[in-house]
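Structure first, then comments.
The values are calculated or read from the model by the stated rules, or taken from the named source; none is laboratory data. None of these values were measured; they are calculated from a predicted model. Don't worry about glycine lacking a Cβ; one is built from the backbone with ideal geometry, like all the others, and counts go over all protein chains shown. Just so you know, the surface numbers come from the protein's heavy atoms only, side chains and all, with ligands and any DNA or RNA stripped out. Shrake-Rupley method; radii C 1.70, N 1.55, O 1.52, S 1.80 Å.
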Amino acid sequence: MFSRPHLYGNLTKICASAAARQPVTNPTTSAAAVANNTQVREYHEVVGDILCPSQVMGIDHIRDPRLNKGLAFTLEERQVLGIHGLQPARFKTQEEQLELCKIAVDRYSEALNKYLYLSDLQDRNERLFFRFLSENIEEMMPIIYTPTVGLACQRFGLIYRRPRGLFVTINDRGHVFDVIKNWPEPDVRAIVVTDGERILGLGDLGASGMGIPVGKLALYTALASIKPHQCLPILIDVGTNNIDLLEDPLYVGLRQKRVVGREYDDFIDEFMRAVVKRYGQNVLIQFEDFGNHNAFRFLDKYRNTYCTFNDDIQGTASVAVAGLYASKRITGKNFTDYTFLFAGAGEAAIGIADLVTKAMVAEGVPIEEARSKIWMVDIDGLLTTTRKEGHLEGHKKNYAKDVEPMKNLEEICTKVKPNVLIGASAAAGIFTPKILQTMAANNERPVVFALSNPTSKAECTAEQAYQNTEGRVIFSSGSPFPPVTINGKTFYPGQGNNAYIFPGVALGVIATGTHHIPDDMFLIASQELANYVEDSDLERGSLYPPLSSIREISMRIAIGVTKCAYDKGLASTYPEPQDKRKWLEEQLYNFNYESSLPVTWVWPRMPYIKTRDLNPSKLFGDSKGQKKDEE
């Protein structure tokens, strides 16, 4: 309806005032610039969540998605704000708008079109978008995040509309802080950053990976009510090794091979310093979808000096361990009674193994004994101290066994006889019918997690798992699968989605101003999630509660994280609140519309006080006074 550049905050106002202070070299040009500036309106007229009425024009309430309420403006608001007549005569409630959103989304048959509609809604009406998402999370989660976000990243150059976040490139070396300063929000509390090297199970997508931080932070708000202006998605563009993208005319990133080695590490160091310089030492930095060879390095390097975590390692581990906690109620066994076999030894698998080890240590098992119960297989076969192929770098060494090398997963499964089989390999179909049948032969209730996503990368489908185990499998997946009916019983497999974990952890960390994030917080998150699982959930085949309950789960996790932060002396927000739930709720984002009019109030009637007569002072021109002075 209105034509304007998509700029944020009061940036153009600041630029305009700065330009006005410059010497005028061409009056004609300067006058034209001033005239043109009067027609320039910003995309976001406000920053933060405190509105200054004197700086916002009436029309801004329609143009700014943070202020816009569509047809929900009342007659009084339309008349007072000066927008009466710019909209149809219909007045709607937010509830009526939500119904229309549902109809609009359902009109589209393709998931990507639904994704684009939701993105457009967020650009128009921020509160409506987040309320719609939060109240329809079971239907919208697969659209706003995996698996649809993967397709959105693959087609990012085609569907790109406007910037939502910061793109920091390797060409900005030495000026990363200057780039970050360009983000107009001063109160950023949470950053999700990726370099796009390992997007889901899709590989190197370079700058097209921006959809991941955007989607993650949308879930921060929808699932944990973290204020959207406090969230900043960042894409670090150091190039891509994906030849298809480099040759794609629609690719929006740097057309060059990835920068690696010391130059890359120094650039990430500069980025971390710049973020903390701009937003403070306690700003949360969530690493997302970095390559396996960098993910653990950066986690180990920064975890004790910055407030940071890696969701692919720690978030995935936490939700998987929560599923394992829930499975104990079915099998009647403790972690110490399990033997674990991992297909995959990347960041997700190692993260799960490390947290499983921590859980066993919490049960009183020595750490070396705990690690001995975990077997891992990578692309070169079983992790052993005797194998000649492949590497045992980093955390892999902790799980290498002193046995003869083996490569065939079916043979390994037969030899190890695991109770729990976990897939985090991004190798579709690697859990063959024979492997699943072997699991069923060795266990009354075999536990099988096929965690790779998107769905096309899953180690097996839910149907394959149930069919090859006579319906006895305890199954979970990383992407959603439809219900499966076996022997007259219908199972509804649960999705081990990281979204159960990271929003609640982030809320607790942000609220308390936590300095560093220990693994204890993720183990607490696992326990809180598992405790929320009802017997009815287990009976229908799910190790996780319905996604519709995720906001309450996020709150419980945030309360647990808050307690941990104060108990361990990691919090910087004092005094410690006694009623932690109430304290957290006071800091949440409000999805509902608020009045667009400034707050008004009545003053008391002033008492009558008789004043003295007004006698004007004699200043100048008094001839009598002047003669007296001359004498």
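List of remarks:
- Note that region 276-288 has calculated 3J(HN,Hα) couplings of 5, 4, 7, 10, x, 5, 8, 5, 7, 10, 9, 7, 9 Hz, one per residue in order, obtained from phi through the Karplus relation 6.51 cos²θ - 1.76 cosθ + 1.60 (θ = phi - 60°); glycine and proline are x.
- Magnitude of the charge dipole for region 156-306, about its Cα centre and with charges confined to Cβ atoms of Lys, Arg (+1) and Asp, Glu (-1), is about 460 debye.
- Ordering of 187-197, 440-450 by burial proxy (mean other Cβ atoms within 10 Å per residue, highest first): 187-197, 440-450
- Farthest positive-ward along region 156-306 dipole, Cα basis, beta-carbon charges - from I243, Y302, C231: C231
- Positive-pole candidate from L507, V533, T414, dipole of region 313-576, charges at beta carbon: T414
- In sequence order, calculated HN-Hα J values of region 51-56 (Karplus, 6.51, -1.76, 1.60; Hz; x Gly/Pro): 8, 9, x, 6, 9, 10
- Subtracting the Cα-Cα distance of Q587 and K563 from 0.36 nm times their residue separation leaves 7.0 nm of extension gain.
- Region 156-306: relative contact order as a whole-number percent, Cα under 8 Å and 6+ apart: 33
- Applying 1/(1 + (r/R0)^6) with r as the Cβ-Cβ distance of E110 and R161 and R0 = 22 angstrom yields a FRET efficiency of 0.80.
- Relative to the Cα centre, the charge distribution of the chain, modelled as +1 at Lys and Arg Cβ and -1 at Asp and Glu Cβ, gives a dipole magnitude of about 1140 debye.
- Global geometry of region 216-282, whether rounded, prolate or oblate, following the gyration tensor of its Cα atoms and the 1.5 cut on a/c: oblate
- Unit charges at the beta carbon, dipole of the chain: most positive-side option, I137, N590, Q281: N590
- Across K333/K373; K457/K489; K407/K434, pairs whose alpha-carbon gap is larger than 18 Å: K457/K489
- DSSP bridge pairs, the chain: antiparallel proportion in percent, nearest 5: 10
- In Å², nearest 10: area of H391 left accessible to a 1.4 Å probe: 140
- Panel note: the C-alpha atoms of the chain, placed on their principal axes, show extents of 123, 51, 50 Å (largest first).
- Accessible area per residue for the chain, computed on protein heavy atoms with a 1.4 Å probe, is 46 Å².
- Taking a ≥ b ≥ c as the square roots of the Cα gyration tensor eigenvalues, region 398-497 comes out oblate, since a/c reaches at least 1.5 and a/b does not exceed b/c.
- Extension gain for A362 to V179 (0.36 nm times residue separation, less C-alpha to C-alpha distance): 61.4 nm.
- Dipole magnitude of region 45-144 about its Cα centre (Cβ charges: Lys, Arg +1; Asp, Glu -1), debye to nearest 20: 240
- Taken as Cα centroids, region 184-201 and region 47-70 sit 26 Å apart, rounded to the nearest whole angstrom.
- The Cα trace of region 313-576 gives Rg and Dmax of 18.3, 58 Å, the first to one decimal, the second as a whole number.
- Simple spin-label estimate for N241 and T339 gives 3.6 nm between the two label positions (7 Å along the Cα-to-Cβ direction from each Cα).
- Size of region 95-175 from its Cα atoms: along the principal axes, largest to smallest, the extents are 50, 24, 20 Å.
- Each peptide in 406-412, 504-510, 378-384 was scored by the mean count of other Cβ atoms within 10 Å over its residues; highest first, the order is 504-510, 378-384, 406-412.
- When each of the peptides 106-117, 274-285, 466-477 is scored by the mean number of other C-beta atoms lying within 10 Å of its residues, the order from highest to lowest reads 466-477, 274-285, 106-117.
- Amide N proximity, region 59-95 versus E135 label position 7 Å along Cα-to-Cβ, cut-off under 14 Å: 72, 92-95
- Gyration tensor (alpha-carbon) shape descriptor, region 264-408, a/c threshold 1.5: oblate
- With a threshold of 31 Å on the Cα-Cα distance, the over-threshold entries among K181/K396; K328/K415; K358/K580; K114/K582; K69/K582 are K181/K396; K114/K582.
- Share, in percent, of DSSP beta bridges within region 313-576 that are antiparallel, nearest 5: 20
- J(HN,Hα) series, region 200-211, from Karplus relation 6.51 cos²θ - 1.76 cosθ + 1.60, nearest Hz, glycine and proline x: 6, x, 9, x, 7, 10, x, 5, 5, x, 4, x
- Region 313-576: relative contact order in percent, alpha carbon pairs under 8 Å with at least 6 residues between: 19
- In plain terms, the bigger the Kirkwood radius, the slower the diffusion; for region 156-306, with that radius from Cα pairs, at 4 °C and 1.567 mPa s, Stokes-Einstein puts D at 83 µm²/s.
- Over the chain, Cα pairs under 8 Å with separation of 6+ residues give a relative contact order of 12 percent.
- If the chain linking R273 and I609 were pulled fully straight, counting 0.36 nm for each residue of separation and taking away their Cα-Cα distance, it would gain 114.7 nm.
- Gap separating the Cα centres of region 327-376 and region 468-525, nearest whole Å: 16
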